[in-house]
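Encoded as structure tokens, the structure appears first; notes follow it.
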Amino acid sequence: MASHISHGDTAKRRALRESGFQLLYVPPENSAWVAGWRTLKSLGNQGSEQQRKAARILAQHMLEAHQQNLHVEWTSQGEGAWVLIEAMQHLQQQQVDLRQQQKIFLSDHTRSRFSADRARRALNMNLEDDKWHNAAPGLPQTVGGEQFGLAPLLSAGNDLLHHTPREERLGKTINLTYQTGEYLFKKWGAAGVAGGLAASTGGSASLAVAVVKALHNLAPTLIASIPGARNYYFKNTGDQLQNLVNKQQKR
């Protein structure tokens, strides 16, 4: 668990060994196949009775930390995400305001990070860290955690509608549009996206494939070449677009 809590950083892991950490351990079920199948079948939304009990215990720990004004980062790994998100939702039902003193990190999460994102915002958690989740593209994580790629888009849409200042909405909308295009390209490939484009416009499918491939390959280079685009730390191409648009909006 130490490698997950330290986010893979050697220096942080060394410091963690010295400080120690508290671990809520939920014993695995008798059959890993049963747990894995439940995750896939329910898209990560269904937990076991053992997980539900652990979530109630964790929610109490989170509430006690809040009552003691402690600053805590809660890290979950794998199916522990189900327990952590469920615990957060227990506190959400009690309308607890954590005053930005607690935050979460999901590692190889098998429950939708959109659910986690909604809960952490409702609880007024610390949202300062851009990187609050990390995962390898395994099947349980792709299905349960990413919801086949929809979870990050839903989080971005929720952020746009409910948590974005008016003057920054255009930039974030463009960023979300770009991310949606990337999602469609990865899910369906150039031929799939181009097929829909050709059908909707009545154009040539082969020409549409060529255009989609060209745009996908050239877009990052073209956008990064716009004057001022490299003034910002590079996260991704959509983020570059967002920063550029927002800068123009604020002039």
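The values are calculated or read from the model by the stated rules, or taken from the named source; none is laboratory data. All values derive from a computational prediction rather than experimental measurement. Ideal geometry is used to build each Cβ from the backbone, glycine not excepted, and the neighbour counts take in all protein chains shown. The protein model used for the area step is the full one, side chains on, heavy atoms only, and it has no ligands, DNA or RNA in it. Shrake-Rupley method; radii C 1.70, N 1.55, O 1.52, S 1.80 Å.
When Rg and Dmax are taken over the Cα atoms of segment 1-146, they come to 14.7, 41 Å.
Packing here is the average count of other Cβ atoms within 10 Å per residue, and on that basis the peptides 55-68, 112-125, highest first, run 112-125, 55-68. Placing +1 on the Cβ of every Lys and Arg and -1 on the Cβ of every Asp and Glu, with nothing else charged, gives segment 1-112 a dipole about its Cα centre of roughly 80 debye. Here T10 and L139 are evaluated by their C-beta separation; at R0 = 30 Å the FRET efficiency comes out at 0.55.
Only aspartates and glutamates eight or more places from K12 in sequence, or on another chain, were considered; those with a Cα closer than 15 Å are E73.
Subtracting the Cα-Cα distance of N69 and Q92 from their residue separation scaled by 0.36 nm leaves 6.5 nm. Once the 1.4 Å probe is applied to the protein heavy atoms, segment 11-145 comes out at 56 Å² accessible per residue.
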